[in-house]
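Written out below as structure tokens is the structure these notes cover.
The values are calculated or read from the model by the stated rules, or taken from the named source; none is laboratory data. Being a predicted model, the structure only gives us computed values, none of them experimental. Ideal geometry is used to build each Cβ from the backbone, glycine not excepted, and the neighbour counts take in all protein chains shown. Protein only, heavy atoms only, side chains kept; ligands, DNA and RNA dropped before computing areas. Shrake-Rupley method; radii C 1.70, N 1.55, O 1.52, S 1.80 Å.
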Amino acid sequence: MNRLAGVRISVRGVVQGVGFRPFVYALADRYKLRGWVRNTSAGVEIEVDGAPQALQSFVDSLQREAPPLARIDECVVEEKEVDGFRSFRILRSSPQPGAFQPISPDVSLCEDCRRELHDPQDRRYRYPFINCTNCGPRFTIIKDIPYDRPNTTMAPFAMCRACAAEYDDPLDRRFHAQPVACPDCGPQIWLTIGGERTAEREAALQAARRLLREGKILAVKGLGGFHLACDATNEAAVRELRRRKLRVDKPFALMAYDLDAVAAQCEMSEDERRLLTARERPIVILERSAQSAVSPLVAPAQHTIGFMLPYTPLHELLLEPEDGFPPALVMTSGNISEEPIATQNDEAQERLAALADAFLLHDRGIETRCDDSVVRCLQGERYPLRRSRGYAPDPLPLAWDGPPVLAGGPELKNTFCLTRERYAFMSHHIGDLQNYETLQSYEQGIQHFERLFRIDPQVLAYDLHPDYLATRYILERAQRENLPAIGVQHHHAHIAACMAEHGLSAEDEVIGLAFDGTGYGEDGAIWGGEVLLASYADYTRAFHLAYFPMPGGEAAVKQPWRLALAWLLSSDLPWDADLPPVQARSKRSLRLVGQQIAGRINTPQTSSMGRLFDAAAALIGVRQDVNYEAQAAIELEACADPEEEGAYRFPLSGGGIDTRPACRAIVKDLRSGEPAGHIAARFHNGLADMAVAVSRALREERGVARVALSGGVWQNMFLLRKVISGLEREGFEVLLHRRVPANDGGIALGQVAVAAHRMAAADGQRVG
Ligand code: ZN
Ligand code: ZN
Ligand code: FE
């Protein structure tokens, strides 16, 4: 008889709700081991007895072959006395007070479920809520941990016998799949028109498809909220959707059935195909192809469109190809302008009544709203623009340990962040904290995260802008709970976020190119064209764009022509009648702006790169007024001619970056009839040269050769690609955002990083 040994294994990471226990069960069976496995609130525990050789193989396989959705962060193996188990069993969950364990994000329909969905012999044939341990809703349906069915919005659905048998069978693909359901026992769909329930189940689906073919606008309840859907190739439908949604030009996201359907509309690389089909199923921004049938109204003045593939069985059925059915659907979030996406049936039918011709509803509750994520492909890899559905709330690993921190995040594109031990829980996309609904969703989101991950923050972090609602929330809370609150400068937070996702340590320093829209500066001015020398705990402002006035303050953000006039004035150029921003406005408007600047009335000073782009766009005549954030800069990028190699000069003087020569050169080029595409390119090229020049200057002075790129301007691919190649050519190491967005959606991660290191420095401790 073989000599027996025993081990006890504690596994931490994403190991619940992902088929981990059945996997352990099957492994134990393979190596003829006896013992047990169970979920705890901290992860998974295993005890096994067997031959020493078999135990070693078991432990190796455990880590090497873990199921696709699992992520093992820690696996502690201890020897133990042999208990002489007689079989291998899956035990009941054992909650540990105060312990936490990460929760899986929502996962798109897996291939096995997809096959069953289309198999007429399967009992879940065409069932819109088919799922298994490898796919389906997670984060959006969880109310509390442990992740068991009674703690989800599936609680009201009692499993039928067939589903219960699968749920209880350790060797079944649906073993302990909490949302498991079938047509006999699970959620259902129906259609309502004008508040009347007009069709159920398959008939509802077919009626919804008919409406889409006819060019109608359909509200569809999905995974993390409602979408508004219409035929993307039907110009009248898209125009009507814009009118109803009060959305003038901001691009709509699209959904197509499969890669072939996307390929009919867009140019795609292999890497982009991989991103589109990744299990997170983000919206991927793609180059529109010349023969695309998609209405130009989907993304006016842009040559890109955002596409995603179906990620729930309901989408899969809704988009099924058929003669005459639209090859692509608009699938934009179900809200009016910037309100949060609707999630509840009643709420949606009320709020979206004037927007949708019909509602495709279902009765599985959405606990947490979660918008679609958006990425680009950069150098073959994901470059996130919005990190939400499919990614949140998967924690990011931190390179330091410390007390739990809550960071309130920014005002626009808000996400918040909570840390615990070496994990950072970045929230889903909350949105712009500028209305009551979003603020509510923000406060509830923070409470929900604190409960789910059992976090009781001991340190708070906030943006220095005194009027941000997120800042006020944090300061109020600091006072109420008597907690230390640490103010973090906006652009320091951007750079620290980039450092944190690359795992830099407390001693590391980087050159931070924080090219951004708006951020509150330490001197009260509006910063955003910042070159920092930064560590987590501290930074110095090495260079910045020379200040220019922002006549009208916030009004200038919506009216770039104001910035163009201010830029001209700062560059000692008269407002001649031939210049586009002068031409576009009445004498009276010009006089008013002149008075604002001269009298410094409601005219803050800014070093913002975003505002410089706005000014250039207006000066060149690309856009004088915007109706969504960064529109002028986006259109300026879209018109830049990639063949043009000329570059304007942005000389450095002291800590300032002089923008006047560029302004004068633009005016000169305009007058000599240079095409807008050339001028736009020379502007971009000049800034790229400047980015390399400031980095070189800092490397010479301070010996730092690592450059972090963060801030909303780095969504500009034209500029980003040139700066990356310029820096790499000069031997710099370039840190790009890969996990959180370069825009304000990543700010909260930087805030927790700075706060944790400032606290540690104040305590005289080292973080590590
Ligand atoms: Zn599945
Ligand atoms: Zn069932
Ligand atoms: Fe920012």
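Of note:
- Residue check, residue 123 within 16 Å of ligand 1 (Cβ to nearest atom), more than 18 Å from residue 226 (Cβ to Cβ) and either open to solvent by 40 Å² or more (accessible area, probe 1.4 Å) or aromatic (Phe, Trp, Tyr) (or both): yes
- Subset tally (residues that are out of contact with any strand residue (DSSP E or B) (no Cβ under 9 Å at 6 or more places or on another chain) and among the polar types (S, T, N, Q)) for region 345-379: 1
- For the residues 369, 386, 351, the requirement of being open to solvent by 10 Å² or more (accessible area, probe 1.4 Å), modelled with pLDDT of 95 or more and among the basic types (Lys, Arg) singles out 386.
- Taken together, 43, 136 contain a single residue that is in contact (Cβ under 8 Å) with a residue 40 or more places away in the chain, closer than 24 Å to residue 316 by Cα, crowded, with 16+ Cβ neighbours inside 10 Å and not charged (D, E, K, R), which is 136.
- Counted residues, region 562-574 - those being in a loop (DSSP other than H, G, I, E, B) and closer than 18 Å to residue 611 by Cβ: 2
- Residue match in region 327-341 (condition: out of contact with any strand residue (DSSP E or B) (no Cβ under 7 Å at 6 or more places or on another chain), within 21 Å of residue 239 (Cα to Cα) and modelled with pLDDT of 90 or more): yes
- For region 172-277, the strands (runs of 3 or more DSSP E) that sit wholly inside it and include 3 or more residues that are not aliphatic (A, V, I, L, M) are 196-200, 226-231.
- Long-range neighbours under 9 Å by Cβ, at least six apart or interchain, first residue assigned to a helix (DSSP H, G or I) within region 693-715, second open to solvent by 60 Å² or more (accessible area, probe 1.4 Å): 693/652; 694/652; 695/730; 696/730; 697/652; 699/730; 702/509; 712/629
- Residue among 478, 461, 470 that alone is in a helix (DSSP H, G or I) and surrounded by 22 or more Cβ atoms within 10 Å (Cβ to Cβ): 470
- Residue 622 under 14 Å from residue 581 (Cα atoms), free of Cβ contacts under 8 Å to residues at least 60 places away in the same chain, among the β-branched types (Val, Ile, Thr) and open to solvent by 20 Å² or more (accessible area, probe 1.4 Å): yes
Rundown of residues vs (1) open to solvent by 10 Å² or more (accessible area, probe 1.4 Å); (2) in a helix (DSSP H, G or I), yes/no style:
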| site | (1), (2) |
| --- | --- |
| 668 | yes, yes |
| 727 | no, yes |
| 739 | yes, no |
| 749 | no, yes |
| 752 | no, yes |
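- Test: residue in region 324-333 that is in contact with a Leu (Cβ under 9 Å, 6 or more places away or on another chain), open to solvent by less than 50 Å² (accessible area, probe 1.4 Å) and over 18 Å from residue 251 (Cβ atoms): yes
- The listed residue being more than 26 Å from residue 631 (Cβ to Cβ), open to solvent by less than 20 Å² (accessible area, probe 1.4 Å) and part of a loop (DSSP other than H, G, I, E, B), out of 533, 504: 504
- Breaking point among (1) surrounded by fewer than 17 Cβ atoms within 10 Å (Cβ to Cβ); (2) of a type in the set (Gly, Ala, Ser); (3) within 16 Å of ligand 2 (Cβ to nearest atom), for residue 186: (1)
- Reported count of residues in region 173-202, each being touching a strand residue (DSSP E or B) at 6+ places or on another chain (Cβ under 8 Å), more than 16 Å from ligand 1 (Cβ to nearest atom) and over 18 Å from residue 122 (Cα atoms), is 9.
- Count of region 141-153 residues which are of a type outside the set (Val, Ile, Thr), part of a loop (DSSP other than H, G, I, E, B) and surrounded by fewer than 22 Cβ atoms within 10 Å (Cβ to Cβ): 4
- In the condition set (1) open to solvent by less than 30 Å² (accessible area, probe 1.4 Å); (2) part of a loop (DSSP other than H, G, I, E, B), residue 281 is compliant with all but (1).
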